[in-house]
Amino acid sequence: MASTSSNFSTTNQYIKYRIVTTETATSVSDNTSTITVKVQAWRTNTGYTTYSSSGTFYCTINGTTYSQALNSSHKLTYNSYTELFSKSVTINHNSDGTKTISISAKFSLDGIVSSSPEWQSYSVTLTTIARASSISSAGNVTLGNACNIKWTPASASFRYKIKFAIGSWSYTTAAIHPNQTSQYTYTGYTIPLAAANQIPNATTGTMTAYLYTYSNSGATTQVGSVSNKTFTITVPSSVVPTLGTVTAVVDNSANSTINGWGVAVAGYSKIRVAATASGSYSSTIKSFTISGG
């Protein structure tokens with residue numbers, strides 16, 4: 001809103017007043033608006049002027065009541081607005097950036113206007129302040145492929161950063177500027193195979209994406225709270241253990257006659273096979289199976 005007003009009658013049929021509310025500033029980082037509330041009164045009949053010698057004006061703005069003593073400077077004439085009250089206040093918005101406030105007023109003036117009827121009020125809806133965006137979806141990813149994170153920017157000027165995290169591993173992107181207010185899909189980061197180090201005993205794991213919203217081009221002034229979404233990462237089939245050395249030796253230890261001959265004798269000798277292997281990305285070898293004819 002830029003400016004809004006509402007007219008009210010008083011106990012004197014020839015005197016009316018209006019409340020004028022103007023939104024003068026907003027702060028995206030603080031989620032606040034600054035408004036100025038002015039109250040102006042006038043006479044509705046010609047040929048008369050009301051000179052105030054005493055009286056009090058009361059105005060309640062968003063739950064806080066202010067007062068203004070009236071004096072001879074508050075002169076009421078036909079169709080000419082005389083300012084009885086003016087106040088600038090800063091209003092905190094709701095967490096989603098919306099805010100509607102109530103403004104009430106009443107006044108007495110030299111016995112000409114009494115404070116009855118009491119408080120007359122109207123509602124003012126302030127401009128919604130763009131707030132932090134939330135991740136709508138985070139697609140599952142096979143390691144070594146691009147992420148798929150979706151959200152709807154609250155403002156085309158906002159910047160964003162995404163932090164990916166699992167276990168002790170994390171990565172935060174540089175500033176992202178979608179420059180739009182329709183749904184945006186970010187695929188600018190490839191989840192590396194190194195993330196598999198955090199799931200050494202499984203082929204899948206749960207990663208979390210955190211979305212940070214910033215109101216300035218340098219992506220240093222954070223807006224609102226952080227949004228997050230989990231998704232599944234899968235270790236690709238190309239990640240397998242590595243087989244090291246394999247040795248095979250004749251074993252005649254079970255027969256004292258041929259033991260030490262160093263040759264294989266059909267029906268008596270055995271072949272002892274040994275192998276080494278290492279896991280990939282922090283995985284370990286759980287067991288070996290060696291088979292043959």
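The values are calculated or read from the model by the stated rules, or taken from the named source; none is laboratory data. Please read these numbers as outputs of a predicted model, since none were measured by experiment. Don't worry about glycine lacking a Cβ; one is built from the backbone with ideal geometry, like all the others, and counts go over all protein chains shown. These accessible areas exclude ligands, DNA and RNA; they are computed on the full protein's heavy atoms, side chains included. Shrake-Rupley method; radii C 1.70, N 1.55, O 1.52, S 1.80 Å.
Quick look at the values:
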| quantity | calculated |
| --- | --- |
| Mean accessible surface per residue for the chain, computed with a 1.4 Å probe while every protein chain stays in place, in Å² | 53 Å² |
| Cα gyration tensor shape of segment 165-272, rounded if a/c is under 1.5, else prolate or oblate by comparing a/b with b/c | prolate |
| Nearest-20 debye value, the chain charge dipole, Cβ charges on Lys, Arg, Asp, Glu | 120 debye |
| Scattering profile of segment 25-168 at q = 0.17 Å⁻¹ [log10 I(q)/I(0), Debye over alpha-carbon scatterers] | -0.99 |
| Protection proxy ranking, peptides 189-197, 216-224, average beta carbon neighbours within 10 Å, highest first | 189-197, 216-224 |
| Relative contact order [Cα under 8 Å, 6+ residues apart], the chain, whole percent | 13 percent |
| Segment 82-176, relative contact order in percent, only Cα pairs under 8 angstrom and at least six apart counted | 18 percent |
| Heavy-atom accessible surface of the chain: percent carbon and sulfur, 1.4 Å | 45 percent |
| Equivalent-ellipsoid semi-axes of the chain, from the Cα gyration tensor, Å, largest first | 84, 15, 12 |
| Theoretical FRET efficiency, 1/(1+(r/R0)^6), r = Cβ-Cβ of Ser53 and Ser104, R0 30 Å, to 0.05 | 0.75 |
| Inter-site label distance for Ala146 and Ser73 at 7 Å from Cα along Cβ, in nm | 6.5 nm |
| Net lengthening on full extension, Tyr122/Thr4 (0.36 nm per residue, minus Cα-Cα) | 41.4 nm |
| Sorted peptide list for 263-276, 145-158, criterion being average Cβ within 10 angstrom, highest first | 145-158, 263-276 |
